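Reviewing the structure listed below.
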Amino acid sequence: MEADEPGISKDIAAGRRKRPRTSIAQPYTRLRGPAVLGHDDFPPTKPQGDNVIEEVTGVRKIRMLYLQLLYRCNFACGHCFHGERLKYADAYTAEQACNLMRLMQQQHGTEAVTLLGGEPFVYKDLAPVVRYAKHTLGQVVEICTNGYRIGPRLREIAPCIDLLRISLEGIGNTNDAIRRDGSYTAALDSIALARGLGVRTGATLTVNRHNISEVVDLAYTLQALGVSQLKLHQLRPVGNAALHPELLVTDPADYSVMRDQLRSAPLRIEVVLDEDLSEDGALPCAMPGPRDEIDRIESDPRGALTMSCKAVGKDSHAFWYDKDTDRIVHRPSAKDEVTLGIPDVVYSHA
Ligand code: SF4
């Protein structure tokens, strides 16, 4: 990556660590952000060493960083788990995003980064962040997008992307009803464009009452377009979905029918289900066994870090990336994911 790319300092481009502007042992530094997030409630940051996640949890290795660059999106889907936060201005600067990717690689050996939002293609510095991840850090780079009118920017960064994952909410009008008119066609066009540019593609769908009967047909459609994987998530009643209970699948038998249909369909595309959709359902919220390796850590645009996307919609973060000091800090609370032992998400096949 070139040092003179917009938003990226020469230090970042050279892979050098920025000196923190304040000491971590100083009293708690409030994060920037709207007061509605309840930042005043956060406890003070404890003095801590350089690798605080390992010190507190014993987790040494984290394979992948999910980095939500911003909350903003060009859609406002009826099921979006971000809910009100779609309107928030919180976002990583390009420098902060690159710093966090570098920190996670140095401290936890991360090998891959997934960039998402909000909508990452409306993030103005997506190109320099992607180039830094690929060229400077050598990461496997995945981007999750709604695929709406992303052509020009996709062409720009295609050589740096290992997987483009496009979210869909059903076929045709089923998708457009929850997103916007024309969004289904736009998403399929983006898949075709990515294929033409030599970028591997995946897709994701959050299963709701209206699209559950379309899952198999959608899988065939995506297979025909050369998509390699379809990931299915259960809709949880958080964010906008809490305002749309009519979208929820209320009868677990409907999931059984969907799994049976997927098993009996001669599909070549890989279909993976989050464990809430699996036959056995999710694990109860019990403290996971001691592990020194985990698959993923996710950062929201404020810098909150979570090792479990089960915590989605709840502020249960034990760790934060402090953007002011360029450090990971531990802010324990009675409801954080370490205290409560919220398990991480596991995927399985139908
Ligand atoms: S679900 Fe995805 S595309 Fe829809 S509003 Fe949320 S972030 Fe945007």
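Conditions tested, residue by residue: (1) within 16 Å of the ligand (Cβ to nearest atom); (2) touching a strand residue (DSSP E or B) at 6+ places or on another chain (Cβ under 9 Å); (3) at pLDDT below 85; (4) farther than 30 Å from THR206 by Cα.
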position: THR29; (1), (2), (3), (4): no, yes, yes, yes
position: ASP41; (1), (2), (3), (4): no, no, yes, yes
position: TYR71; (1), (2), (3), (4): yes, yes, no, no
position: ASN74; (1), (2), (3), (4): yes, no, no, no
position: ARG102; (1), (2), (3), (4): no, no, no, yes
note = Considering residues that are under 14 Å from ALA112 (Cα atoms), assigned to a loop (DSSP other than H, G, I, E, B) and either within 11 Å of the ligand (Cβ to nearest atom) or hydrophobic (A, V, I, L, M, F, W, C) (or both), the number found within region 158-179 is 1
ask   = Out of ARG236, ARG200, which single residue is basic (Lys, Arg) and modelled with pLDDT under 95?
value = ARG236
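Residue-wise test of (1) buried (at least 18 other Cβ atoms within 10 Å of the Cβ); (2) in a helix (DSSP H, G or I); (3) acidic (Asp, Glu); (4) touching a Cys at 6+ places or on another chain (Cβ under 7 Å).
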| residue | (1), (2), (3), (4) |
| --- | --- |
| VAL215 | yes, yes, no, no |
| LEU218 | yes, yes, no, no |
| LEU222 | yes, yes, no, no |
| LEU230 | yes, no, no, no |
| GLU246 | no, yes, yes, no |
| VAL249 | yes, no, no, no |
| TYR255 | yes, yes, no, no |
| ASP260 | no, yes, yes, no |
| LEU267 | no, no, no, no |
query = Among the residues of region 79-94, is there at least one that is more than 16 Å from the ligand (Cβ to nearest atom), more than 15 Å from the chain's Cα centre (by Cα) and crowded, with 21+ Cβ neighbours inside 10 Å?
reply = yes
inquiry  = Whether any residue in region 333-350 is at pLDDT 65 or above, of a type in the set (Phe, Trp, Tyr) and in contact with a helix residue (DSSP H, G or I) (Cβ under 9 Å, 6 or more places away or on another chain) is what I want to check.
reply    = no
request  = May I ask you to verify whether VAL199 is of a type outside the set (S, T, N, Q), in a loop (DSSP other than H, G, I, E, B), more than 16 Å from the ligand (Cβ to nearest atom) and in contact with a Leu (Cβ under 8 Å, 6 or more places away or on another chain)?
outcome  = yes
ask   = Has region 132-149 got at least one residue that is surrounded by fewer than 16 Cβ atoms within 10 Å (Cβ to Cβ), under 18 Å from ILE269 (Cβ atoms) and away from the ligand (no atom under 11 Å from the Cβ)?
value = no
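Could you please find all residues in region 111-127 being away from the ligand (no atom under 15 Å from the Cβ) and buried (at least 23 other Cβ atoms within 10 Å of the Cβ)?
The one that is away from the ligand (no atom under 15 Å from the Cβ) and buried (at least 23 other Cβ atoms within 10 Å of the Cβ): VAL113.
The values are calculated or read from the model by the stated rules, or taken from the named source; none is laboratory data. Being a predicted model, the structure only gives us computed values, none of them experimental. Neighbour counts are summed over all protein chains in view; Cβ atoms, including those assigned to glycine, are modelled from backbone coordinates with ideal geometry.
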